[in-house]
Structure formats: structure tokens, C-alpha cells
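One structure is given here, and the rest of the page talks about it.
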Amino acid sequence: MVEVSSRELLLEQEKILKRAVDLLGYDENVYEALRYPERVIQVKIPVRMRDGKVKVFIGWRSEHNSALGPYKGGIRFHPATTMEEVIALSMMMTWKNALAGLPYGGGKGGVRVDPHALTPYELEQLSRGFIRGIYKYIGVDKDIPAPDVYTNPQIMAWMMDEYYRITGENQFGMITGKPKILGGMETRIIATGFGTAVSAREVAKLLWGGIEGKTVAVQGYGNAGYYAAKFLHEMGAIVVAVSDSRGGIYNSKGLDPDEVKKVKSEKGSVIYYEKAEKKITNEQLLELDVDVLVPAAIENVITKENMERIKAKVIAEAANGPVTAEADVYLSLQKKVIIIPDILANAGGVIMSHIEWMNNRMGGFITEEQARTMLENKMVQNTHAVWEFWHKELDPAKHTMRDAAYALAVKRVVEAMKLRGLL
Ligand code: GLU
């Protein structure tokens, strides 16, 4: 796996923002106004560990922009998380939410921790401790966290409960991605991967008349990767390769995503799936000659180091930031690869969060079926809106699909800031 520091993720986001600002004809002043987060909170979280000693963890919540509404974005628990990474991801949430037409600004949280090394009790204390550090700044109309890498509905439940203990407000809408019994939507679990599959299907319709029979490779078999593979398979695509952090598998006739998932759950990795023709590395998976490549693992996996070897015709970004700005421009403009950018392709998670938040505020009557239809419709509309803007307002020979998505999003945020007197 190509490792790039989190400082670079922030630089990448700044580069992409600069392209969008230039494209829209805004001046340096606008770039400076959008570049920095409105607030970054750093917290120290002491946790008494199983050996009786107190261990200190560091976490951040970055609130990037609130022009369109309360900050919204997940919280990740990851051993490599840094403040700069959290800032970059919060900026990405501003554009993602604006592009999806949600009434939210952008935020993101992160704690530097390996959650797999904690006992459930330690994990609960860490989750509660993080909320104790940031509770003043969050709330149903202020900043609404959600799951991200290595966080889940149970963690959201602890966080909601801690918020209640401190403030006395039993607000279900202060956090999303909760268990169903606490106001969550079961559809949240499939939302990111399903949304990515829908956006890839829509682009496939525009390019080839449909996704049926098209080959797909998926890098990363967590929530986003597995459900993207599952739904693309159900839509009639042939999933020829999947991988996780331990390696990948390939089968020219196609893999059954559910069978592979079962093996991963039982044995710990997709590589133990026996019906595969061969094992491959993550690097090889990215370079396969497939119709659709879905990077669903981590950031910066397609960079200037490997971009010349990429053969996929469409890349649907289920992860946040898997393709660097330089590789995006090279692949889109030189090799004519269609790259469906993260802020469009993986917006399914936050779109479902919005449905959950609305449902909580209304006292809850949206059914799972309605939620899924609302999500699918929004993903279809958003994909076509970006495509149309790209082809009608911009020149696809000079601008990437990411440029189109960012331009649309930045324009909305700038308009809101101007109306509020912030620009
Ligand atoms: N963590 C997800 C993302 O990166 C979802 C955020 C949310 O639901 O607020 O988009």
C-alpha cells in the first residue's frame, strides 16, 4: 500500500479547492476564506486501562464551514489520525454536503487510537471521554457527528448517552448512525456502498447503456467496499476482484460478494476464499484491466507512482481521497478515465444520516423502504447533475469530473457565505 502522510491529504484538498476557485473565477480572498476551518478543538482523553494505569489519547473535531447549516461529518478512531487529516476530511465534508444539497456545513472528528487493541470497556470510556471534550460544540443544530473509519452504531449510542448525561438533553438528532432502537436507520449500514454502486450504475448507463456484464474490482472489503460489491453484483456487474489489507483475490468469471464476506467474517480476510482463481496484491488489483474500479479502503492509493499503470475505464471513489489531484488530472484528461469523485460517489452515508436526523426531529415515521428509495433517488439526481454541469458548463477535455463536483459545491457555499455577509 502506498503510504502518504496526512499533511499531504490537506495539501491535496487545498489543490483541489484552488482549481475550483480558479474555475469559478473567484479571487484569492475567496480561496483564503474557504481554506481554513472555522474551529478545531483538540482534546486530551485519559482512559483508565485494564492494568489500572491511565493512558492518554488525543482527539480532534474540526468544524470547517457552517454557511449552509450545522457542521456534519463522522468521527474516526485510527492509529494514524492527525489533526491535519481531520481538517482535510472536514473540508471534504463541506463540499460533500453542499453537493448533495443537504442543509449542513462540514465537520470531522478523529481520535488517534488503535481501537482493535482496546477492550469494549476501554472503548466505551474513550468514546464517552471524547464527547466530554467536545460536548459544548456539538448538538442537533450545531454539529452532528456520525461513524467513520473504525467507529460504529454502538459507539454512537455511547456518545449520545454521554451527551445526555452531561447536558440533560436526550437528543436523538445530535448524532447519526445510531442503532435502530435509538433512532437509527438500518439502511445506514448499506448506504455508502449502495450509493457508490448507484452512482457507478448511472455513469455506466451514460457511457455504455448499462452496468450489466461490466467487470468490477473493489479495493477494501469493509462496509463501503463490501456493499458496493454486493449491489454492483446484484445490478448485473461481474465482480472479478476484491481485496482487504491482507491482499486480494481474482476470478475472471466473477466472485459472489456474500460468499466472500462470509469467509472474511469467519477467517479474517478475503484471501482465504477458496473458489478464487488466484491471489493478487492490492497494487495488482488497482492495475487490473476492468470496466469499473472501486477504491474503498483509504486515501491516496492512486498517485503519480502508479497512475500510468491504471487500466480501469471508470473509477468510483468509495473511500475519501483515494486518487491524488495529480493522478486525477492525468487519468481524466490524458487517459480519459471517468473518475466519479468521493464527494459524489460516497455521499450515500451522509445522505442517509440526513434522513435519520430528519426522522429523529420529526419523532420518527420514515420507513426503511422509504429511506432507501430517498437515498437512491438522491444519488441518481446528484450523479446526473454533476455530469450535466460538467458537459454543459465546463469542457470535459480540460476539466475533470471532480472539478465539476467541487465547482458546484464551492459555488453553493460561496453563495451562502455572501448572503450571510461572510464574504
Ligand atoms: N463518515 C461519513 C463520510 O465521510 C458519513 C458522515 C455522516 O454521516 O455524517 O461521509
### Summary
Across the range 347-365, the tally of residues that are in a loop (DSSP other than H, G, I, E, B) and within 16 Å of the ligand (Cβ to nearest atom) stands at 1
### Query
Under the condition of being closer than 15 Å to LYS261 by Cα and either assigned to a loop (DSSP other than H, G, I, E, B) or modelled with pLDDT under 95 (or both), which residue from the range 225-247 is most open to solvent (accessible area, probe 1.4 Å)?
ARG246
### Query
Across the range 107-133, what is the total count of residues that are within 16 Å of the ligand (Cβ to nearest atom), part of a helix (DSSP H, G or I) and of a type outside the set (A, V, I, L, M)?
3
### Query
Does LEU99 fit the bill of being within 13 Å of the ligand (Cβ to nearest atom) and in contact with a Lys or Arg (Cβ under 6 Å, 6 or more places away or on another chain)?
no
### Pair list, Cβ < 7 Å and 6+ apart or interchain, from the range 243-254 residues that are hydroxyl-bearing (Ser, Thr, Tyr) to residues that are in a strand (DSSP E or B) and open to solvent by 50 Å² or more (accessible area, probe 1.4 Å)
TYR250/LYS278
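Residue by residue through the range 51-66, note down the ones that are open to solvent by 10 Å² or more (accessible area, probe 1.4 Å) and closer than 22 Å to ILE175 by Cβ.
PHE57, ILE58, TRP60, SER66
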### Query
Here are TYR104, TYR163: which of them is within 11 Å of the ligand (Cβ to nearest atom), aromatic (Phe, Trp, Tyr) and surrounded by 21 or more Cβ atoms within 10 Å (Cβ to Cβ)?
TYR104
### Summary
Going through the range 66-80 in order, the residues found to be within 13 Å of the ligand (Cβ to nearest atom) and not in a strand (DSSP E or B) are GLY69, PRO70, GLY73, GLY74
### Query
Hey, any hits in the range 174-197 for a residue that's without any contact (Cβ under 8 Å) to a residue 60 or more places away in the chain, of a type in the set (Val, Ile, Thr) and in a loop (DSSP other than H, G, I, E, B)?
yes
### Message
Tell me whether the range 372-394 contains one or more residues that are outside any helix (DSSP H, G or I) and more than 25 Å from ILE302 (Cβ to Cβ).
### Response
yes
### Task
Being under 22 Å from the mean Cα position of the chain (by Cα), hydroxyl-bearing (Ser, Thr, Tyr) and not in a strand (DSSP E or B) is the filter here, so list the residues in the range 25-65 that pass it.
TYR36
### Task
Could you tell me which numbered condition ILE181 fails, if it satisfies all but one of (1) surrounded by fewer than 19 Cβ atoms within 10 Å (Cβ to Cβ); (2) over 21 Å from HIS354 (Cα atoms); (3) hydrophobic (A, V, I, L, M, F, W, C)?
(2)
### Single residue of ILE45, ILE58 found to be without any contact (Cβ under 8 Å) to a residue 60 or more places away in the chain, among the hydrophobic types (A, V, I, L, M, F, W, C) and more than 16 Å from the ligand (Cβ to nearest atom)
ILE58
### Summary
Every listed condition ((1) away from the ligand (no atom under 16 Å from the Cβ); (2) open to solvent by less than 30 Å² (accessible area, probe 1.4 Å)) holds for LYS398 save (2)
### Query
Within the set of pairs 6 or more residues apart or between chains, which connect a residue that is farther than 17 Å from PRO179 by Cβ and open to solvent by 30 Å² or more (accessible area, probe 1.4 Å) inside the range 128-156 to a residue that is among the acidic types (Asp, Glu) and within 11 Å of the ligand (Cβ to nearest atom) with Cβ atoms less than 8 Å apart?
TYR137/ASP143
### Task
Within the range 184-199, work out how many residues are surrounded by 20 or more Cβ atoms within 10 Å (Cβ to Cβ), within 19 Å of TRP357 (Cα to Cα) and not β-branched (Val, Ile, Thr).
5
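The values are calculated or read from the model by the stated rules, or taken from the named source; none is laboratory data. These figures come from a predicted structure and were not determined experimentally. Glycine gets a Cβ as well: all are built from the backbone with ideal geometry, and neighbour counts include every protein chain shown. Accessible surface is based on the protein model in full, side chains and every heavy atom, while ligands, DNA and RNA are left aside. Shrake-Rupley method; radii C 1.70, N 1.55, O 1.52, S 1.80 Å.
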